[in-house]
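To start, the structure itself, in structure tokens.
Just so it is clear, none of the values below were taken in a lab; they were calculated from the coordinates. Not measured: the values here are computed from a predicted model. Positions of Cβ are generated from backbone atoms using ideal geometry, with glycine treated the same way; all protein chains shown enter the neighbour counts.
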Ligand code: NCD
Ligand code: ZN
């Protein structure tokens, strides 16, 4: 919490967690992981690598690579296994103690999700096993419909899963709309993550003036009305809501030439969150949003770390190597100590 006054002010957070991040592989992993491990004691590291982390051999190997890239910080990678509808009860039971969760991507809805689930009607046998094993399900909840409507159209799928499997912990990843917010409290077993960019920005920030490809992500940014409902949810202190940045780096060249979806927010996350909560006179809610809620929902024991921010202005660089971050060139009020 805040200590001191004016420029001496410090903010200490206990074991912050980023419950949704893309750390990639190889050189990119080694380049981006330190931004996350410097600020967070642990993170949910998404399995949409090439090839995806969809078996236990790749799982152990990816955990090892992430830990190596995150050093020297004490940092726990929570890697959800990429959901396959042919996972067997035997395999999942044997892997249960190593596993954190499964991540479901409907086929083709986002980066490296081509191998995702093509037919949602086929997922139920695996959901049944997950419910029995108390293994949480994380979902990229978008249909293949008209892009602004994809998340709203998916709420019916969430409803079906939540009612058919009432004991399965279901996490709606990166929610962006008032419909998802309205759905959240309808079922005890439903939780969500919220990103920094969907908390702060609208579609107009991306394309209302000149097109800003660095704010292009899936799900796409929404209306001011939706954004305001997301803000109100986070500022309500709802205990089912967790921070998950969805920081998703792509090189500047690929963003500009291939139109890759994903916002690289990792370097600015805690400073920007502190700024947002401070602007809303709600700094006391930040700890629960960036750690306590996730610890409770997932029953996690991340490394005990105190991460300190100080109230000192700094300017976000135009790029980190080949990657352009969100807020490039902007001056932020809070800095990692
Ligand atoms: C993510 C990525 O690039 O891996 N992209 C994105 O726009 N958020 C995938 C995802 O989480 O949808
Ligand atoms: Zn993501």
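Can you work out the base-10 log of I(q)/I(0) for the stretch 1-101 at q = 0.18, 0.23 1/Å, using the Debye formula on its C-alpha atoms alone?
-0.83, -1.17
With no solvent and one equal point scatterer placed on each C-alpha of the stretch 50-195, evaluate the Debye formula and give log10 I(q)/I(0) for q = 0.08, 0.13 Å⁻¹, two decimals.
Here the Debye-derived log intensity ratios amount to -0.22, -0.60.
Can you give the translational diffusion coefficient of the stretch 91-130 in µm²/s, computed by Stokes-Einstein from the Kirkwood radius over Cα pairs at 25 °C and 0.890 mPa s? Kindly include the intermediate steps, with their values, before the conclusion.
Working: Rh = 11.4 Å.
Roughly 215 µm²/s, to the nearest whole number.
Who wins for biggest fluctuation among 294, 313, 101 in a Gaussian network model of the chain, springs between alpha carbons below 10 Å?
Fluctuation is largest for 313.
Which log10 I(q)/I(0) values, to two decimals, does the stretch 256-337 give at q = 0.14, 0.20, 0.22 Å⁻¹ under the Debye formula with one point per Cα?
Log10 I(q)/I(0), no solvent term: -0.61, -1.01, -1.10.
Once the Cα gyration tensor of the stretch 117-163 is found, what semi-axes does its equivalent ellipsoid get, as square roots of 5 times the eigenvalues, in whole Å, sorted largest first? If you can, show how the numbers build up before the last one.
On the way: eigenvalues 99, 23, 15 Å².
Rounded to whole Å, the semi-axes are 22, 11, 9.
For the stretch 259-289 and the stretch 161-188, compute the distance between their C-alpha centroids and round to whole Å.
23 Å
Pairing the Cα long axis of helix 56-70 with the longest principal axis of the chain, what angle in degrees results, from 0 to 90 and rounded to the nearest 10?
Approximately 10 degrees, to the nearest 10.
Among the DSSP beta bridges whose two residues both lie in the chain, what percent are antiparallel, rounded to the nearest 5? Present the calculation step by step, with values, prior to reporting the outcome.
On the way: 12 of 35 bridges.
Bridges in the chain are about 35 percent antiparallel.
Which residue fluctuates most in the GNM of the chain (Cα springs below 10 Å): 163, 202, 143?
Residue with maximal mean-square fluctuation among 163, 202, 143: 163.
What fraction of the Cα pairs in the chain, stated in percent, has a spacing above 35 angstrom? Don't skip to the end; give the middle numbers.
Values: 8629 of 56616 pairs.
When every Cα pair of the chain is considered, 15 percent fall beyond 35 Å.
As a footprinting exposure proxy, order 220, 161 by other Cβ within 10 Å, with the fewest listed first. Don't jump to the answer; show the numbers that get you there.
Values: 220 18, 161 24.
Placing the least packed residue first, the sequence is 220, 161.
So what's the stretch 202-326 giving for Rg/Rh, alpha carbon basis, Kirkwood Rh from the mean inverse pair distance?
Numbers: Rg = 16.0 Å, Rh = 16.3 Å.
Ratio of gyration radius to Kirkwood radius for the stretch 202-326: 0.98.
If we restrict to alpha carbons, what Rg and Dmax does the stretch 180-220 come to, in Å?
Cα only, the stretch 180-220: 13.6, 42 Å (Rg, Dmax).
Where does the stretch 189-251 land on Rg/Rh, using Cα atoms and the Kirkwood Rh?
On the way: Rg = 12.6 Å, Rh = 12.6 Å.
Value, to two decimals: 1.00.
Rounded to whole Å, give me the distance from the Cα center of the stretch 120-154 to that of the stretch 321-337.
Their Cα centres are 34 Å away from one another.
So what is the relative contact order of the stretch 215-337, in percent, for Cα pairs below 8 Å that sit 6 or more residues apart?
Details: 152 pairs, mean separation 35.2, N = 123.
Relative CO of the stretch 215-337 lands at 29 percent.
By counting other Cβ atoms within 10 Å of each Cβ, how are 15, 147, 113, 245 ranked from fewest to most? Show your work: numbers first, answer last.
Numbers: 15 23, 147 14, 113 20, 245 32.
Least crowded to most crowded, the residues run 147, 113, 15, 245.
With springs connecting C-alpha atoms under 10 Å apart, model the chain as a Gaussian network and identify which of 302, 52, 125 has the largest mean-square fluctuation.
Looking only at 302, 52, 125, the biggest GNM fluctuation is shown by 125.
Report, in degrees rounded to the nearest 10, the 0 to 90 angle that the Cα long axis of helix 26-39 makes with the longest principal axis of the chain.
Between the helix axis and the principal axis of the chain, the angle is about 60 degrees.
In whole percent, what relative contact order does the chain give with Cα contacts below 8 Å and a gap of six or more residues? Please list the in-between numbers first.
Values: 689 pairs, mean separation 64.6, N = 337.
In percent, rounded to a whole number, it is 19.
Along the three principal axes, how long is the stretch 113-268 when you take its alpha carbons, biggest first, rounded to the nearest angstrom?
Dimensions of the stretch 113-268 along the principal axes of its Cα atoms: 48, 37, 30 Å.
Calculate the tail of P(r) for the stretch 141-187: the fraction of all Cα-Cα distances greater than 14 Å, expressed in %. Intermediate values should be presented prior to the final figure.
Numbers: 488 of 1081 pairs.
Here the tail beyond 14 Å accounts for 45 percent of pairs.
Give me the percent relative contact order of the stretch 1-123, please, defined on Cα pairs under 8 angstrom at least 6 residues apart. If you can, show how the numbers build up before the last one.
Details: 180 pairs, mean separation 24.9, N = 123.
Dividing the mean separation by the residue count of the stretch 1-123 yields 20 percent.
Give me the angle, in degrees from 0 to 90, between the Cα long axis of helix 224-235 and the longest principal axis of the Cα atoms of the chain, rounded to the nearest 10.
90 degrees
For each of 207, 200, count neighbouring Cβ atoms within 10 Å of the residue's Cβ, then give the residues from fewest to most.
Values: 207 14, 200 20.
If I rank by nearby Cβ atoms, fewest first, I get 207, 200.
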